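**Student:** Mind looking over this structure? Questions follow.
The values are calculated or read from the model by the stated rules, or taken from the named source; none is laboratory data. Computed from a predicted model, the values in this text were never measured in an experiment. FYI the Cβ positions are ideal-geometry reconstructions off the backbone, even for glycines, and counts take in every protein chain you see.
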Amino acid sequence: MLFNQALPTGLKTAKSQFALSDSEGEGKIMTTSIGQGDTLVSPIHMAMIASAICNDGVLCKPYIADHIENEAGTVVRRFDKQEYGKLLSKEDTQRIRSLMEAVTDYGTGSALSGRGYDVAGKTGSAEYNEDKDSHGWFVGYAQDGEKEIAIAVIVEDGGSGSSSAVPVAGEVFDAYFDE
């Protein structure tokens, strides 16, 4: 999943880190599995994983814009997807996709349902101090026909992802799909 290595992007990013050995106890395994403990991940890395899930397990190199228009609205340059490689099997992708769809259909990301395009994602919170203050997260993707977008939103000191990051993701998705 591209942890502990450079990401395939021309963008400057922090390295995501995941450390877990076979001799770890159950407590460490559980906290690591939900992204706590010693797990560190960058938003761009999470958006890349979400895009691979949207793309049947195939990771494409991230890019900032899919096209450039001039002031008259004419497309003057288009950027095409470039595949990096397969991160997940199709079966694993389908299982994860189903869980992410449940989050946005009737879970903590349900504010994103019913918008005229398909959405899947995961909310979260990341504690950053001993007082258990947290940053709000949303990671996911949206699709409408051939048009698709992956996103990672982090709201510093936002608390829960459902209250802080989901509304931001909704605004980005709506703007992308012109809703």
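**Student:** Go through segment 65-87 and give me each residue that's among the aliphatic types (A, V, I, L, M) and exposed (fewer than 10 other Cβ atoms within 10 Å of the Cβ).
**Tutor:** Ala65, Ala72, Val76
**Student:** Taking the conditions exactly as written (free of Cβ contacts under 8 Å to residues at least 24 places away in the same chain and on the phi > 0 side of the Ramachandran plot), does Asn4 satisfy them or not?
**Tutor:** Yes, satisfied.
**Student:** Considering only residues that are touching a Leu at 6+ places or on another chain (Cβ under 8 Å) and under 15 Å from Phe138 (Cα atoms), which ones fall in segment 43-52?
**Tutor:** Ile44, His45, Met48, Ile49, Ser51
**Student:** Something else: Which of the residues spanning segment 56-105 are assigned to a loop (DSSP other than H, G, I, E, B), closer than 20 Å to Leu2 by Cβ and of a type outside the set (S, T, N, Q)?
**Tutor:** Asp56, Gly57, Lys61, Pro62, Tyr63, Ile64, Lys81, Leu87, Leu88 - these are the residues of segment 56-105 that are assigned to a loop (DSSP other than H, G, I, E, B), closer than 20 Å to Leu2 by Cβ and of a type outside the set (S, T, N, Q).
**Student:** Does Thr108 count as touching a strand residue (DSSP E or B) at 6+ places or on another chain (Cβ under 8 Å), part of a loop (DSSP other than H, G, I, E, B), surrounded by 10 or more Cβ atoms within 10 Å (Cβ to Cβ) and in contact (Cβ under 8 Å) with a residue 24 or more places away in the chain?
**Tutor:** In short, yes.
**Student:** For segment 6-16, enumerate the residues that are within 21 Å of Ile96 (Cβ to Cβ) and surrounded by fewer than 14 Cβ atoms within 10 Å (Cβ to Cβ).
**Tutor:** none
**Student:** Would segment 122-131 turn up any residue that is surrounded by 12 or more Cβ atoms within 10 Å (Cβ to Cβ) and at pLDDT 95 or above?
**Tutor:** Yes - at least one qualifying residue is present in segment 122-131.
**Student:** Going by the structure shown, is Phe173 touching a residue at least 40 places away in the same chain (Cβ under 8 Å), within 20 Å of His45 (Cα to Cα) and among the aromatic types (Phe, Trp, Tyr)?
**Tutor:** For Phe173, the condition - touching a residue at least 40 places away in the same chain (Cβ under 8 Å), within 20 Å of His45 (Cα to Cα) and among the aromatic types (Phe, Trp, Tyr) - is met.
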